[in-house]
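What follows is a single structure, written as structure tokens, with notes after it.
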Amino acid sequence: MRFVRRAWILAWKDLTIEWRAKETLNSLFFFALLLIFLFQFALGPDRERLSAALPGLLWLGFILSGLLGLGRTFAGERDNDCWDGLRLAPGEKSAIYVGKLAGNLLLMLAVEAIFLLLFGVFFDLDLVAALPGLALVVGLGTLGLAAVGTLFAAMTAHVRARELLFPVLVLPVEVPVLLGTVKATEAVLLGEPLGSVAHWLKLLAVANVIYLTIGVLTFDVVLDG
Amino acid sequence: MTPDHPATPEHWGFVVAAYGLAAIVLGGYWRRLVRLEREATAKHDRRPAPPGTATSR
Amino acid sequence: MTTNQNTKFLVGGAVIVLALAYLIYTGVTQSAVYFITPSELAAAAVAGKAYRLGGMVVPGSVHWNPASLDLEFALTDGKGRVPVRHTGTPPDLFGEGRGAVVEGSWTPEGYFKATLIMAKHSENYQAPHGDPSSAAYEEMIRALQRRAPR
Amino acid sequence: MWFSTGSRRLTRVLGWLAALGLLAGLVLALGVAPREVSQGDVQRIMYLHVPSILTAYLAFAIVLVASLGYLVSRRQAWDRWAGSAAEIGTLFTGLTLASGSLWGKPTWGTWYLMLRGMIDEAERRAQFAAVLGIVAALNIPLVHFSVLWWRTLHQPPTLLRPVPAALAGIFRFTLGVNWVAFTLLFAYLLAKRIRVGRLSEEGLP
């Protein structure tokens, strides 16, 4: 219970800071808007090409905005010299990981919801029908992205060229998550039953279990480094 | 590859290219290791080893 | 390494091993390719909607113009028959009387516009020659849905 | 650790065994093994391809174990094992690039080494590399299945599919000899790489 409370306090702190300044949320919102315009320019008005590429584009948007947000996970602690505060916090260090992860997850889901809404409006998607399936797939994929991203963000926080190294480290790990989510999103948008992508959902679930377990087990090592 | 595609000389070319590339890559790495080992041994032997270096930490 | 930490690592390791074992088990017993059949499409076709459609290429229905790359054929499951048009070269294993899965959309003009053709090769689903019974087609559709084990 | 200066002779023996094995494997693969009926002579690449990827998997398993060993004991020797095995594992995955069907796998070794190159301080480098090594090694089965499933729907490349069904005796024997030879070569290179790392003392790049 103390573990959950510690994690919650940290997530609450981060979300409060974010809510007051809205720094990340605002810039990510405009980033999403910009990406959608870019996609439209890049693909032209051909509706068929658009609908075929849509699941990939959607995840490209999630990944790009997610990486931007995740890379800044520990920016506050680093820039304000509070890193030692994290290190010296009493109790299980993995509570810090879980707290940071929860904060990231909420922020990413918020941005993705806005993104989806914009996609629905611009590309004329039937979001209501696909919503339950889409929520499951997006939730699983985002958790996989955030679990690795939060761990690696702590790892690269004090490495030179971290802005470059962070995405280079995260993206190759996310290959299975990306393939799975794109395929599952495609099926959901086509109106296929979730059972048709059950193997992908299992893969995503297994990936999440593995990433989360590694994160919890190794976070104290990463924080000390 | 269906059975009605007979093996053509290009296929052998492909095989030879793959094995040749492997030989070059592995051989190159091996030679690099040998060179590094020679250099490291020379450097290692030249200066008196400070206490504790012979065993790894 | 305290005992507390040891337990943590043991439990974590066990969780990871179990998750991977489950994945490998799932991976070996693979699931099916999902598509709708021509009769299902004919029953409720929505123009402009994207579908994945699977069936047998009707013998004698393939017309290909190598100059314009226009490909026309029909897919059937014994009950329904859907005309398909595609621009591009047909894949290697594509052929009359063989199974194929196409991705694309149903057009208001009354044909299926395919953006992707996937042909699968397997002895299991040769055309039900001279046997137009629905049982033979069902067997072929089932074979087509099966993922090729590698 | 195990490969102290005294075992240089063992390393040399390992090297000769590997050379002999590779020679035998090559003769079997290109000369003795018959032409495979459905894929033709190009199937002979499999005797190079499959042992390479299996050896790479062995290397990454060693990275995983050595990384865990480092985190538990904090001994630099474990880190040397992890870094050396990763380097040679990347080399072997690189060999399979030529036949080009296993994309996604060769990449991770490269960025593992990249992270090592970017951190100067030895202890922090070892810690982070250990965490990354664990993540990357456990990710391999996930990558394997995702790439496999992705490709089974979109036509898999016809070239270089494993020989279907029961692999006939001579094919299996050739493959086995090559696999053993590659494993010996790997052990030899690993021993040499670790020795170089220990002698140059500044740890691994």
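The values are calculated or read from the model by the stated rules, or taken from the named source; none is laboratory data. Since we're looking at a predicted model, the values are computed, not measured. Backbone-built Cβ (ideal geometry, glycine too); neighbour counts: all protein chains shown. All accessible areas refer to the heavy atoms of the entire protein, side chains included, with ligands and DNA or RNA removed. Shrake-Rupley method; radii C 1.70, N 1.55, O 1.52, S 1.80 Å.
Counting only alpha carbon atoms, the long axis of helix A:198-224 and the longest principal axis of chain A meet at about 20°. Under 22 Å of direct C-alpha separation, and excluding same-chain neighbours fewer than eight residues apart, A:LYS93 reaches these lysines: A:LYS13, C:LYS8. Helix A:127-156: angle to the longest alpha-carbon principal axis of chain A, degrees 0 to 90, nearest 10? That works out to roughly 30 degrees.
Nearest 0.05, what FRET efficiency do D:ALA61 and B:ILE24 give at R0 = 30 Å with Cβ-Cβ as r? Walk me through the numbers before you get to the answer.
Numbers: r = 27 Å, r/R0 = 0.89.
So, using R0 = 30 Å, E works out to roughly 0.65.
Relative contact order, whole percent, for the range A:32-131 stands at 36, derived from Cα pairs under 8 Å and 6 or more residues apart. When nucleic acids and ligands are ignored and a 1.4 Å probe is applied, A:PHE122 ends up with an accessible area of around 70 Å².
Approximating the spin labels as points 7 Å out from Cα along Cα→Cβ, the D:LEU17-to-A:PHE30 distance works out to 6.5 nm.
What order do A:SER196, D:SER200 take when sorted by accessible area (1.4 Å probe), most exposed first?
These residues rank, largest area first, as D:SER200, A:SER196.
Working ranking of peptides A:94-103, C:73-82, C:59-68 by packing, defined as the average number of other Cβ atoms within 10 Å per residue, highest first, is A:94-103, C:73-82, C:59-68. Averaged over peptide A:200-209, the number of partner chain Cβ atoms lying within 10 Å of each residue's Cβ comes to 6. In chain A, the longest principal axis of the Cα atoms and the axis of helix A:2-21 are about 70 degrees apart. Give the lysines whose C-alpha is closer than 20 Å to that of C:LYS49, dropping any in the same chain fewer than 8 places away, or say none. Candidates past the 8-residue exclusion: A:LYS183, C:LYS113. If every alpha-carbon in chain A counts as one equal scatterer, what log10 I(q)/I(0) does Debye give at q = 0.14 1/Å? The Cα Debye sum returns log10 ratios of -0.89.
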